[in-house]
Amino acid sequence: MKERRKDRKHFWLAAGLILTAALFTGCGSTYSDKNAEAKSGGGQYASADFAAPAEEAVKTESMEADTFEQEAGGQTLEENAQVSERKLIKTVDLYVETEHYDELLAGLEAQVTSLGGYIEYQYQNNGSRYSGYEQLRDASLNIRIPAARLDEFVGKVGEVSNITNKEERVEDVTLQYVDLESRKKSLTTQQKRLLELLEQAQTVEDIIAIEQRLSDVRYELESMESQLRTLDNQIDYSTVHMNIQEVKRITPTQEKSAWDKMKSGFVRTVYRIGDDIENGFIWFVINIPYLIIWIVILFAAVLLIRRIVRKRRRQAVSGKRGSGQEIHMQKEEEKDDNGHGTEQ
């Protein structure tokens, strides 16, 4: 019995040892298989971690950016536009006339500088345009004035000149501005994440993919910043298109009664008659050289015509005389013939 018990103990002990060895062998093979897969698929393992940067992570960034922009372009954009300060671009067209052309231009330049603005474009016409025979000048200017001082500048212009026509335009670019800011913020976030992924990239393919996407993001970001700078300039500085015309008399702009209209019309007619007389005298003085030339030409033509006429008259008279002498000679010959005939 004792021997049987010993044999059973030995059997179970051996079975336990075999089972334990089998378990350790299975675990070791599983661990070695996993290590083998990791070693053999090292490129795939790196791609799984860093193609996320190159492909999956980049795509994720793009999808997040698109989602952000869609949200910003919907109700969120409108709400932000309502909350933020209105972005307005103001443009004014002024048509003015002045009797003191040089003084007005000099005063405008000083006034624009004092208000913190600048003249963006200037054109002057100083002699190629005439009204009658009086030389009149004109100028065109594009003036940029700080938006907060636009009304002050227009008021100053009205004090030193006569504004005959005025047009104001206001463009609300608040939604466009908020949209650009939202897209810029999204692109800035993408750029930051791509830079982080670029530091973690290990393969050349991952680096190239991330840098390509990073280049696209930077290009779009620079475009957004450029558009924002342009809008900021147009918002902060209003534009005044100004046309200046030099005149001899200012055109009245206020409304008048019938008597005032007749009175001013009569005065204008008298002025026009005076202007016509003055312009006629100016025309005569200016064209004296031409008049002298034409007088000489006409005088020479008259002399030539008179000479031709006299010559023709002389020829006619001499012709008549010649024909008269021939007739007289014929008569004398007939008399002679008659006399000879009688003697015979």
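No lab work stands behind these numbers, since they all come straight from the coordinates. Nothing here was measured: the structure is a model prediction, and the numbers come from that model. Neighbour counts are summed over all protein chains in view; Cβ atoms, including those assigned to glycine, are modelled from backbone coordinates with ideal geometry.
Numerical summary
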item	result
Directionally averaged shadow of the range 155-307, computed from the convex hull of its alpha-carbon atoms, nm²	24.4
Alpha-carbon Debye profile of the range 140-224, log10 I(q)/I(0) at 0.11, 0.12, 0.13, 0.17 Å⁻¹	-0.57, -0.61, -0.64, -0.81
Other-chain or far-sequence residues with amide H under 5 Å of S238's (modelled H)	I145, A147
Estimated FRET transfer efficiency when R0 is 25 angstrom, pair R149-S226 (beta carbons, to 0.05)	0.40
More than 13 Å apart - percent of Cα-Cα pairs taken over the range 180-228	54
Potential lengthening between N233 and V267 on full extension [0.36 nm per residue; Cα-Cα distance subtracted]	7.4 nm
Distance violations [Cα-Cα > 27 Å] among K90/K248; K156/K248; K156/K263	K90/K248; K156/K263
